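This report refers to the structure that appears directly beneath it.
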Amino acid sequence: MPAISASAPGKIILFGEHAVVYNRPAIAVPVLQVAAKATVVADPLAPPHTVWIDAPVIGLSSALNDLDENHPLRYVISLVMQALGVSEFPSARIKLTSTIPIAAGLGSSSASSVALARAVSEFLGHPLLDDQVNQIAFEVEKIHHVHPSGIDNTVTTYARPVFFIRNRPVEQMEIGAPLTFVIGDTGQGSHTSVVVADVRRNWTLDPKKYDAIFDQIAGCTLQGRQVMKSGSLTELGQWMLLNHELLRKIDVSSTLLDSLVASAVSSGALGAKLSGGGRGGNMIALAPSIDHATEIASTLKNAGAVNTIVTTVPASKR
Ligand code: MEV
């Protein structure tokens, strides 16, 4: 039996992180330059039902059954088996690799779940539909942080721009003009679960203040959707900057994120903001054109970014 492989891309959030956990809308797009990839190969020489899993990026090499039942990778596999009504896994070796930086706000945990659910279900003979894969990845996100909105698993599963509101069907986006983003990595690892929990604590202490900010962030997201449709890049950049200011107000930015945003703007970016959980991880800058992206990327590196990725969201086909 040949090896079965599946992959899923990274993601950036253009508008609405954190507010989306509180039922406000958000916009995310896939980052196809980085991906998680799962490969499953039968191991007929191993004792029956022996599954070995290697995930070098997290230093994991273990028999599946030796992992805690709540280990995210084991949990993905048991949810797939449950969905397919399969009780025994044939002996196999599973390898999970990823080029998505971990704890960087680029969706590495969601992409790993999606790639693994796809490869395992295909290996078991019944590839799951995207909607089922998305649901499984969402269940697994709940292990990573208690109150995920579901946006990360959704954008990594469907690998297209999404306008997302928690518990609502995902909306397809219309993109009027290609959008080029430069992603700048602070190199400062930040766990979304910790930042989301902090925001929740603060929201509980002062719901009025936080809800008002989430409403303003929702305004940026709605305006962002509008200008993405019309293709007005200058306005899009302005809404991103406002969204960043609002994220600062809920204390999820950091000195380096703020200075990378300022540097991006000084080198000609139309707008910039942190992206994802914040307090570290990545920021994004909207380039006026693909040609200008290299200059913004080198400015970000000089200003302390440890890595940059240039990614373009194509205009919708008419
Ligand atoms: C993380 O990529 C986005 C957050 O809004 C968390 C979530 O939506 O679950 C910070």
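Ordered by the number of other Cβ atoms lying within 10 Å of each residue's own Cβ, fewest first, ILE250, ILE12 fall into the sequence ILE250, ILE12.
In the chain, the inverse of the mean reciprocal separation of distinct Cα atoms equals 19.9 Å; this is its Kirkwood hydrodynamic radius. Here r is the Cβ-Cβ distance between GLN172 and LYS249 and R0 is 30 Å; the resulting FRET efficiency, rounded to 0.05, is 0.45. Exposed loop sites here are GluC sites (Glu not before Pro) assigned a DSSP state other than H, G, I, E or B and surrounded by at most 12 other beta carbons within 10 Å; excluding them, the longest clear run of the chain is 89-318. Modelled spin labels at ASP215 and LEU84, positioned 7 Å past Cα toward Cβ, are 4.9 nm from each other. Computed about the Cα centre, the dipole magnitude for region 204-318 is approximately 300 debye when only Lys and Arg (+1) and Asp and Glu (-1) carry charge, each at its Cβ.
In this structure, the residue pairs whose Cα-Cα separation is over 22 Å, taken from LYS11/LYS142; LYS142/LYS229; LYS11/LYS273, are LYS142/LYS229.
Using alpha carbons only, the radius of gyration of region 174-313 set against its Kirkwood radius gives Rg/Rh = 0.98. Per-residue ellipticity at 222 nm computed for the chain from its helices equals -13500 deg cm²/dmol, with DSSP H segments shorter than 4 residues left out and the rest contributing -39,500 (n - 2.57).
Of the Cα atoms belonging to region 168-208, the radius of gyration and Dmax stand at 16.8, 42 Å.
Potential lengthening of the chain between THR50 and HIS126 amounts to 25.3 nm, from the contour at 0.36 nm per residue minus the alpha-carbon distance.
Quick note: the coordinates plus some simple rules give every number you see, no bench work behind them. Everything quoted here is computed from the prediction, not taken from an experiment. Every residue, glycine among them, receives a Cβ derived from its backbone with ideal geometry; neighbour counts consider all protein chains shown.
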